[in-house]
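Step one of this worksheet: look at the structure below.
The values are calculated or read from the model by the stated rules, or taken from the named source; none is laboratory data. Note that this is a predicted model, so its numbers are computed, not measured. No Cβ is skipped: glycine too gets one built from the backbone with ideal geometry, and neighbour counts run over all protein chains shown.
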Protein chains: 2
Amino acid sequence: MKIALAQLNFHIGNFDSNKEKILEAIRKAEALKADLVVFSELAITGYPPRDFLEFEDFVAKAKNAVDEIAISCKNIAAIIGMPTPNTSKKGKLLFNSAAFLEDGKVKKIIHKTLLPNYDIFDEYRYFEPNREFEIIGFRGKKIALTICEDIWDVERNRLYTVNPMEELIVHKPDIMINIAASPFNYNQAKIREEVLRRNTLKYNLPLFYVNHVGAQTELLFDGGSVVMAPSGKVVDVLNYFEEDLRVYELEETIRPKKFVKQEIPSKSALIHDALVMGIRNYFNKLGFKKAILGLSGGIDSAVTTVLAAEALGKENVYNVLLPSKFSSDHSISDSLELVKNLQMPHDIIPIENSFETLNTTLEPYFHEKPFDITEENLQARIRGVILMALSNKFGYILLNTSNKSEAAVGYGTLYGDMNGGLSVLGDVYKTEVYELARYINRNGEIIPENIILKAPSAELRPGQKDQDSLPDYAILDKILYQYIELRKGPSEIIAMGFEEELVKKVLRLVNINEYKRYQTPPILRVSGKAFGMGRRMPIVAKYLS
Amino acid sequence: MKIALAQLNFHIGNFDSNKEKILEAIRKAEALKADLVVFSELAITGYPPRDFLEFEDFVAKAKNAVDEIAISCKNIAAIIGMPTPNTSKKGKLLFNSAAFLEDGKVKKIIHKTLLPNYDIFDEYRYFEPNREFEIIGFRGKKIALTICEDIWDVERNRLYTVNPMEELIVHKPDIMINIAASPFNYNQAKIREEVLRRNTLKYNLPLFYVNHVGAQTELLFDGGSVVMAPSGKVVDVLNYFEEDLRVYELEETIRPKKFVKQEIPSKSALIHDALVMGIRNYFNKLGFKKAILGLSGGIDSAVTTVLAAEALGKENVYNVLLPSKFSSDHSISDSLELVKNLQMPHDIIPIENSFETLNTTLEPYFHEKPFDITEENLQARIRGVILMALSNKFGYILLNTSNKSEAAVGYGTLYGDMNGGLSVLGDVYKTEVYELARYINRNGEIIPENIILKAPSAELRPGQKDQDSLPDYAILDKILYQYIELRKGPSEIIAMGFEEELVKKVLRLVNINEYKRYQTPPILRVSGKAFGMGRRMPIVAKYLS
């Protein structure tokens, strides 16, 4: 028996395009003599459809699309993730299901048992957990079909009391298939392989694992679908960060002649590839081609523009230099060198006149209060206004260039440099941005060395340096990681050897700046805990602040 | 036996102030000879604490505070909502609990069984549901203690298979107590009374219901705690929208001599009071006193400033008029009349010079493209920059004045008039804003009649009217209500008699503007479905768009 894994990039709610994509993959798999082709979790809707699931119209359109696809499954069977109504009188209105299509119709529906409801996941908001366990019989083989979380380290995970594979194994299946939408973070590929391995070893069965690929706003799905032998060895891995379709002979996966040794790329390489996909999909799924951004001469905007150039084509990234009287010479010359290295379109638009006029307008109402953060923010906001005007005039999307360290401590101007349709580096700490710059320059200088070497500065007043108001990023990022990713409290962080006053200051800054992050653009998620949908904090609160 | 209901306004994470507030209420209840004083759900942390619950430090601080309070419960008992650890090896890490304090210590912990996980609720993200049912014995009486959702219309609600009161009733309790954090919307008080009544009638017991009061960022808790006789008649209702503490003799609630007929105020009156509380608590819990806003001469900013004046004191609301060359004379004169009516501080700051300078700066890069929405947005953004500069210079919070109709269809400028720390009217449709203005003028003209009567306009180009680009608000708001509040699909809405093209246009506008709403300030929630935490939509999607 031949099984095809179809790892595709779906567009949420775009049933026409998702259906076409699935039909094309079915045709391709059929041409490759596959008996069965497997698609990822909620393939027909795209993952996550979020509150669209609360619209009957949306769920009905998903059903219609799958019914239409079923007609094409005459000589080949297919497994497709879709939402289905819970017809019982009790419980949530939907199941997160997998439809098994055979003989031109939907033959069976299997529901997801374990529903993640933490971090970025809200599945218990929509779905009722499965309580009945069934095996799929297909061409003399028995398939144990599960959905994502269902096989996710159940015995080690305190959240769950049911183990779907334990229920299915009593039926003596021949194959495990898991369809997933498992979001990327830079540790995930390694963890995922171990989880899959524990399943194959425990049940002594081959495992076909199909993951979603592509970006859905902030969530990045890295693909990397896996075929694993009962021995826990990897038979094959599909591409990371792009669509892929491959066919496997079942017998050869049970007793494979050769294995693949997964070489997981470096953290910077993973983040790089994930962000490039994230930018690319944000633009193409929204129907945009061109990006605009402000190039400050600093490391964040430099890395952002390089990633955007890779995602969209260098001719599609419009770099605007917006110097003020506080801008250093090197901020211009370094930026010009960078755009020259990549041959990107650019303009220099000084903000001095606008700053003077607005200052003159405001002065009578400032009642002789001295220059302070107001004037610093004013410069950032004038830049924001100019960039948005160009964005509006030409239909470009403004890319936000803030990093995670800044976002964490509120070192940025709301409606100024915090503007943008998408935050590229908002889940990348400053120290990681430097690593990314080094990775970008791995085969030769793209980002000028001076941008990497100079002390970071917002250049909003004479001689300003980030480190005048913030601790050294090497220390700051470590404290932030403990607090944000690991959710350690102040006493735990202090016990690690960080200075008490500093820890309290940093945690306070994180908490009092929740209001700023609330209005931040969506942030491409590359870590285990990103700002945004996976971290839900009150704005009005007084905790560690 | 005397039971006190303590309906208090807690500050999320502010354990010192919450503890003091509870201790003060305990002293007051003791002075009134109460045997038991009851506080609301998660009183010690404030509701909802959201992801602070993922910090062990936060949960430990809550426990310490309750332990300290227990020492004061020597002659009086208390019931206090708090998170407690789930000590079992399986399940979520916490319970949403009620601590019963007696004889100077925590005598019993009761857990919440039914965990809402829809709309604005995320309780399944943090809490394990209760599975064991216990009654509290106290001074010869048996108390059936439940938490909020536990008694919430369980038999009619398809979500739940367990009914906590059915489990407790077998122990033959004498009293029902429910501690709640039930967020306000303009239909809630009526629905809530009916739900409570069905419980008293079914179990033939008196019910003491204590609700949270006060605003927690966007969520408004209206209080209105209730004592209800076994007959389903209301013995008493605590104040709406403010703190209250009252004591009841149990016998008199079982066989009360007099009842209260709840007169639920008009929708506009409810929304008005809720928004005033929302503004007031946002400011005082963040430690701010003064608001700034742009007064355009239109109805939205007029209503916003009146609400702010009521919440903060008229001397604390700084109104800035920001006319451009497109502003009509009446936009200035009407605004001046309004600030004169309320004697509010104000300034007139024309934006013409800034607009000219920015236009001159940008012109060479516009490549002779004609005046379009770019220049309209530019004016709105210059206003945003000026308001934020004044906000920064003086430490005022900028109030956003967008209404729900605009927010729905994206009729607003990101980083312009969509700026602000708090959106006052973002859950109030335009037609409801007019009703609110009429309500404000119920005892005499505060908002000048001309502001109410004139056709709405953004005044960003000559002769512009909202109705040039949007359908009549009377129709638009009806379509939006069907789509947003009731989640009807296009065919259902068209079947109601709305024009097909119009319905499709409106739904499309709602969906393609998700990216704008993502960066909107928190919106005070007054309806059953507000933009914000209760409505979670993908940005990158293609559904009805």
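Conditions (1) part of a loop (DSSP other than H, G, I, E, B); (2) β-branched (Val, Ile, Thr); (3) closer than 24 Å to B:Asn392 by Cβ, marked per residue:
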| site | (1), (2), (3) |
| --- | --- |
| A:Thr304 | no, yes, no |
| A:Phe326 | yes, no, yes |
| A:His330 | no, no, no |
| A:Leu336 | no, no, no |
| A:Asn341 | no, no, no |
| A:Glu356 | no, no, yes |
| A:Asn359 | no, no, yes |
| A:Glu368 | yes, no, yes |
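Yes or no, residue by residue, for (1) closer than 28 Å to B:Phe355 by Cβ; (2) outside the structural domain of A:Ala458 (by TED's automatic domain parsing); (3) under 29 Å from the mean Cα position of the chain (by Cα); (4) not aromatic (Phe, Trp, Tyr):
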site	(1), (2), (3), (4)
A:Ala291	yes, no, yes, yes
A:Val303	no, no, yes, yes
A:Ala311	no, no, yes, yes
A:Val320	yes, no, yes, yes
A:Val339	no, no, yes, yes
A:Pro364	yes, no, no, yes
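B:Asp427 is checked against (1) within 14 Å of chain A (Cβ to nearest Cβ); (2) in contact with a strand residue (DSSP E or B) (Cβ under 6 Å, 6 or more places away or on another chain) and fails just one. What number does that condition carry?
Just one mismatch for B:Asp427, condition (1).
Assuming A:Ile451 fulfils every condition listed in (1) under 27 Å from A:Phe283 (Cβ atoms); (2) crowded, with 20+ Cβ neighbours inside 10 Å; (3) touching a residue at least 24 places away in the same chain (Cβ under 8 Å); (4) within 14 Å of chain B (Cβ to nearest Cβ) apart from one, which condition is it?
(4)
Could you say whether any residue in the range B:521-533 is part of a loop (DSSP other than H, G, I, E, B), at pLDDT 95 or above, touching a Phe, Trp or Tyr at 6+ places or on another chain (Cβ under 8 Å) and at the interface with chain A (Cβ under 7 Å from one of its Cβ atoms)?
Yes, the range B:521-533 contains at least one residue that is part of a loop (DSSP other than H, G, I, E, B), at pLDDT 95 or above, touching a Phe, Trp or Tyr at 6+ places or on another chain (Cβ under 8 Å) and at the interface with chain A (Cβ under 7 Å from one of its Cβ atoms).
Consider A:Ala474 against the criteria (1) of a type in the set (A, V, I, L, M); (2) crowded, with 22+ Cβ neighbours inside 10 Å; (3) under 28 Å from A:Gly278 (Cα atoms): it satisfies all of them except one. Which criterion is unmet?
Status for A:Ala474: all satisfied but (2).
Which of (1) closer than 21 Å to B:Val276 by Cα; (2) assigned to a loop (DSSP other than H, G, I, E, B); (3) in contact with a Lys or Arg (Cβ under 6 Å, 6 or more places away or on another chain) does B:Gly420 not meet, given it meets every other one?
All conditions pass for B:Gly420, except number (3).
Out of the range B:223-237, which residues are crowded, with 21+ Cβ neighbours inside 10 Å and on the phi > 0 side of the Ramachandran plot?
B:Gly223, B:Gly224
Got a sec? Which of A:Phe39, A:Phe58, A:Phe52, A:Phe10 is away from every other protein chain (no Cβ under 14 Å) and among the aromatic types (Phe, Trp, Tyr)?
Going through A:Phe39, A:Phe58, A:Phe52, A:Phe10 in turn, just one is away from every other protein chain (no Cβ under 14 Å) and among the aromatic types (Phe, Trp, Tyr): A:Phe39.
On the given criteria, is A:Ala31 in contact with a helix residue (DSSP H, G or I) (Cβ under 8 Å, 6 or more places away or on another chain) and assigned by TED's automatic domain parsing to the domain that holds A:Ala180?
no
Can you report the number of residues in the range A:243-289 which are farther than 23 Å from A:Glu435 by Cβ and more than 14 Å from every other protein chain (Cβ to nearest Cβ)?
Here the count works out to 20.
Among B:Phe394, B:Phe371, which is hydrophobic (A, V, I, L, M, F, W, C), touching a residue at least 40 places away in the same chain (Cβ under 8 Å), at the interface with chain A (Cβ under 9 Å from one of its Cβ atoms) and farther than 15 Å from B:Ser301 by Cβ?
B:Phe394
Taking the range B:306-324 only, how many residues are in contact (Cβ under 8 Å) with a residue 60 or more places away in the chain and either closer than 17 Å to B:Ser457 by Cα or part of a helix (DSSP H, G or I) (or both)?
Within the range B:306-324, residues that are in contact (Cβ under 8 Å) with a residue 60 or more places away in the chain and either closer than 17 Å to B:Ser457 by Cα or part of a helix (DSSP H, G or I) (or both) number 5.
Hey, can you tell me all the residues within the range A:374-391 that are more than 8 Å from chain B (Cβ to nearest Cβ) and of a type in the set (Ser, Thr, Tyr)?
Across the range A:374-391, the qualifying residue is only A:Ser391.
Can you name the residue in the range B:397-415 that is assigned to a loop (DSSP other than H, G, I, E, B) and buried (at least 24 other Cβ atoms within 10 Å of the Cβ) and is also nearest to the other protein chains (Cβ to nearest Cβ) among such residues?
Residue satisfying both the conditions and the ranking: B:Tyr415.
In the range B:490-508, what count of residues is obtained for those that are small (Gly, Ala, Ser) and in a helix (DSSP H, G or I)?
Of the residues in that region, 2 qualify.
Restricting to the range A:183-232, name every residue that is within 14 Å of another protein chain (Cβ to nearest Cβ) and polar (S, T, N, Q).
Hits for the range A:183-232 are A:Gln216, A:Thr217.
So which residues in the range A:138-191 are assigned to a strand (DSSP E or B), among the hydrophobic types (A, V, I, L, M, F, W, C) and over 19 Å from A:Val213 (Cα atoms), if there are any at all?
Of everything in the range A:138-191, those that are assigned to a strand (DSSP E or B), among the hydrophobic types (A, V, I, L, M, F, W, C) and over 19 Å from A:Val213 (Cα atoms) turn out to be A:Phe138, A:Ile143, A:Ala144, A:Leu145, A:Ile175, A:Met176.
Hey, could you check the range B:13-43 for residues that are within 16 Å of B:His212 (Cβ to Cβ) and in contact with a Lys or Arg (Cβ under 7 Å, 6 or more places away or on another chain) and say which is surrounded by the most Cβ atoms within 10 Å (Cβ to Cβ)?
B:Gly13
In the range A:329-368, what residues are of a type in the set (Ser, Thr, Tyr) and within 10 Å of chain B (Cβ to nearest Cβ)?
A:Ser354, A:Thr357, A:Thr360, A:Thr361, A:Tyr365, listed by residue number.
Got a sec? Which of A:Ile539, A:Ile484 is under 21 Å from B:Asp122 (Cβ atoms), facing chain B (nearest Cβ under 9 Å) and among the β-branched types (Val, Ile, Thr)?
Testing whether each residue is under 21 Å from B:Asp122 (Cβ atoms), facing chain B (nearest Cβ under 9 Å) and among the β-branched types (Val, Ile, Thr) leaves just A:Ile539.
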